[in-house]
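Enquirer: Pasting in a structure now, in structure tokens, and then I'll have a few things to ask.
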Amino acid sequence: MPAWNDVAVRAAFPALALTDGGLPRLYGDAPGGTQVCERAVTRMREALVEHCANEGGLFRTSQATDEWMLRVHAAAGEFFNADGDEVVFGLNTTTLVFHFSRMIARQWSRGDNIVLTRMDHDSNVGPWILAAEERGVEVRLLDFDPLTYRYQYDELDHLIDARTRLVACNHASNFLGTINDVQRIVAAGRAVGAVTVVDGVQSAPHLPLDARAIGCDILSTSPYKYFGPHAGLMYVRRDFANAMVPPLKVRPSPMTMPHRHAPGTPSFEAQLATYGCFEHLAWLGEQFGGAPEQASLRQKMVAGLTAATVHETALSVQFLNGVSALPHVKLHGITNIQDVAERVPTFSFSVQGRSPEAVAQQFAARNQFVWAGSFYAMEVAQRLGVWESGVVRFGLAHYNTAAEVDALLDTLESLR
């Protein structure tokens, strides 16, 4: 397997070369949005300059838009291990979930229930709660253990029953970093005929997604969390997508995918920029994942993310070892090095005697970018008793380095 090369990887991200007053930027804000790879920028410019036109015309630029739309959807299908007519682009994940919740909830009635979780971002909780209130449906919550930071899977047996109409969960937590057994949760929902929805926003930058293996009806992601533009990209299982009648769209729009669940003109530039993200992941697979040139796009992307995971795991171990020696720092999440494969490199923590905002400001003074707050993970923060106070969060991506982890730890040490 080719050796990982920080210099080559970082050269693929224009923002990483920027400095402020001679001080380099340390991007530790990946869970809220990663930096954008050069290939995404190039593809977006191509859409805006070389064929900036709406779809469906008989002239050259419109035909190019049509061709690229199909090409991007096919590539997005490979990203999900699905087909190109099973993907939907939108403004963002939250908007897409709200959109589909309107259609899904039509089938609910009083006496039904839905199962959500206490570990999700509110984009996979709030829309469903609002829909349940409108339909008079009970909301049940799958809890997690605040000591192990893992779901209490045994609760599924009594939470899910014959009247369960929806089961929604997350693949990885944007607050705790925990990677969850979504196949187990989805299987429990499908066993009673419930619609199953998985939030893959936090896992997509770090793990290959496989909608077929997960078995869910919907799998949502946000390209700006995996090196691309602000947009939403969702897998919707074909027979499930076709069963939602009538779809929420304008009447002249075609009933077939990819138009069936696109309520308006999409951002073609965001679609092409997302294609650039797929090209970047494929490049990682060729350069560092051992993927041959003749491999499929899917194979290259999987190889790229697998290679990135190895690098990120090493950084996570480095951070966990370092933070274990800092008694003034309390980490909210899995800390055992032996269990590092059960988490993504997203770390939330509290610093004794200091507010999250004050800590984040200390990082910012060193041009190190981290977050303070609760990050829309309302249920998690309430469960841990930090909803009012918040926490500090930073997250790593494959463009981060060991030297940057040392710098972050040095800042934490200075707050002792």
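Enquirer: So is Pro345 within 20 Å of Cys169 (Cα to Cα), out of contact with any His (no Cβ under 6 Å at 6 or more places or on another chain) and not aliphatic (A, V, I, L, M) or not?
Expert: Yes.
Enquirer: Restricting to the stretch 85-98, and then to whatever is part of a helix (DSSP H, G or I) and buried (at least 22 other Cβ atoms within 10 Å of the Cβ), can you tell me which residue is farthest from the chain's Cα centre (by Cα)?
Expert: Glu86
Enquirer: Just to be sure I understand the filter: pairs with C-beta atoms under 8 Å, separated by 6 or more residues or on different chains, first member in the stretch 318-330 and in the same structural domain as Leu396 (by TED's automatic domain parsing) and under 14 Å from Gln352 (Cα atoms), second member of a type in the set (Gly, Ala, Ser) and modelled with pLDDT of 95 or more. Which pairs pass?
Expert: His328/Gly353; Val329/Ser350; Lys330/Ser350
Enquirer: Follow-up. Does the stretch 250-281 hold any residues that are of a type in the set (Gly, Ala, Ser) and outside any loop (DSSP other than H, G, I, E, B), and which are they?
Expert: Within the stretch 250-281, Ala270, Ala273, Gly276 qualify.
Enquirer: Here are the criteria: (1) touching a helix residue (DSSP H, G or I) at 6+ places or on another chain (Cβ under 9 Å); (2) over 26 Å from Phe394 (Cα atoms). Tell me which single one Leu233 does not satisfy.
Expert: Checking Leu233 against (1) touching a helix residue (DSSP H, G or I) at 6+ places or on another chain (Cβ under 9 Å); (2) over 26 Å from Phe394 (Cα atoms), the one that fails is (2).
Enquirer: Does the stretch 202-229 hold any residues that are over 26 Å from Glu46 (Cβ atoms), outside any helix (DSSP H, G or I) and of a type in the set (Val, Ile, Thr), and which are they?
Expert: Ile218
Residue-by-condition table, conditions (1) surrounded by 14 or more Cβ atoms within 10 Å (Cβ to Cβ); (2) in contact (Cβ under 8 Å) with a residue 12 or more places away in the chain; (3) under 24 Å from the mean Cα position of the chain (by Cα):
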site: Ile337; (1), (2), (3): no, yes, yes
site: Arg343; (1), (2), (3): yes, yes, yes
site: Pro356; (1), (2), (3): yes, yes, yes
site: Phe363; (1), (2), (3): yes, yes, no
site: Ala402; (1), (2), (3): no, yes, yes
site: Leu408; (1), (2), (3): yes, yes, yes
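Enquirer: Still on this structure, I have one more. Being touching a strand residue (DSSP E or B) at 6+ places or on another chain (Cβ under 8 Å) and within 18 Å of Ser267 (Cβ to Cβ) narrows it down to one of Val87, Val36, so name that one.
Expert: Numbers: Val36 fails: touching a strand residue (DSSP E or B) at 6+ places or on another chain (Cβ under 8 Å).
Step by step, each of Val87, Val36 is checked, and only Val87 is touching a strand residue (DSSP E or B) at 6+ places or on another chain (Cβ under 8 Å) and within 18 Å of Ser267 (Cβ to Cβ).
Enquirer: Okay, next question. I'd like the full set of residues that are over 11 Å from the mean Cα position of the chain (by Cα) and either more than 18 Å from Gly276 (Cβ to Cβ) or outside the structural domain of His121 (by TED's automatic domain parsing) (or both), limited to the stretch 209-234.
Expert: Asp210, Ala211, Arg212, Ala213, Ile214, Gly215, Cys216, Asp217, Ile218
Enquirer: Give me a count of the residues in the stretch 157-179 that are among the β-branched types (Val, Ile, Thr) and more than 9 Å from Asn113 (Cβ to Cβ).
Expert: 3
Enquirer: Shifting gears a bit: Exactly one condition in (1) within 13 Å of Tyr399 (Cβ to Cβ); (2) assigned to a loop (DSSP other than H, G, I, E, B) is not met by Gly57; state its number.
Expert: Result: Gly57 fails condition (1) only.
Enquirer: Then there's this: Restricting the stretch 160-181 to residues that are part of a loop (DSSP other than H, G, I, E, B) and among the hydrophobic types (A, V, I, L, M, F, W, C), which is surrounded by the most Cβ atoms within 10 Å (Cβ to Cβ)?
Expert: Step one: filter the stretch 160-181 for residues part of a loop (DSSP other than H, G, I, E, B), giving 160-163, 171, 173-177, 180-181.
Remaining after also requiring among the hydrophobic types (A, V, I, L, M, F, W, C): 160, 162, 175-176.
On the way: Ile160: 21, Ala162: 9, Phe175: 30, Leu176: 27.
The residue in question is Phe175.
Enquirer: Sticking with this structure for a sec: Does the stretch 386-416 hold any residues that are part of a loop (DSSP other than H, G, I, E, B) and among the polar types (S, T, N, Q), and which are they?
Expert: Ser389, Asn400, Thr401, listed by residue number.
Enquirer: So if I check each of Arg190, Arg184, which one is surrounded by fewer than 15 Cβ atoms within 10 Å (Cβ to Cβ), outside the structural domain of Arg10 (by TED's automatic domain parsing), over 30 Å from Leu16 (Cα atoms) and touching a residue at least 24 places away in the same chain (Cβ under 8 Å)?
Expert: Just a single option satisfies the conditions, and that option is Arg184.
Enquirer: Moving to a separate point now. Counting only residues that are in a loop (DSSP other than H, G, I, E, B) and among the aromatic types (Phe, Trp, Tyr), which one in the stretch 104-157 is nearest to Gly189 (Cα to Cα)?
Expert: For the stretch 104-157, the residue satisfying everything is Trp108.
Enquirer: Do the conditions hold for Asp339, that is, is it within 27 Å of Gly304 (Cβ to Cβ), out of contact with any strand residue (DSSP E or B) (no Cβ under 6 Å at 6 or more places or on another chain) and acidic (Asp, Glu)?
Expert: So Asp339 passes the test.
Enquirer: Here's a follow-up. Among the residues of the stretch 42-84, which ones are closer than 27 Å to Leu209 by Cα and surrounded by fewer than 19 Cβ atoms within 10 Å (Cβ to Cβ)?
Expert: Thr42, Asp66, Glu67, Leu70, Arg71, Ala74, Asn81, Asp83, Gly84, listed by residue number.
Enquirer: Within the stretch 366-385, is there a residue that is part of a strand (DSSP E or B), under 18 Å from the mean Cα position of the chain (by Cα), surrounded by 14 or more Cβ atoms within 10 Å (Cβ to Cβ) and among the hydrophobic types (A, V, I, L, M, F, W, C)?
Expert: yes
The values are calculated or read from the model by the stated rules, or taken from the named source; none is laboratory data. The structure presented is a predicted model; accordingly, all values stated were derived computationally and were not measured. As a convention, Cβ positions derive from the backbone with ideal geometry for all residues, glycine included, and neighbour counts pool all protein chains shown.
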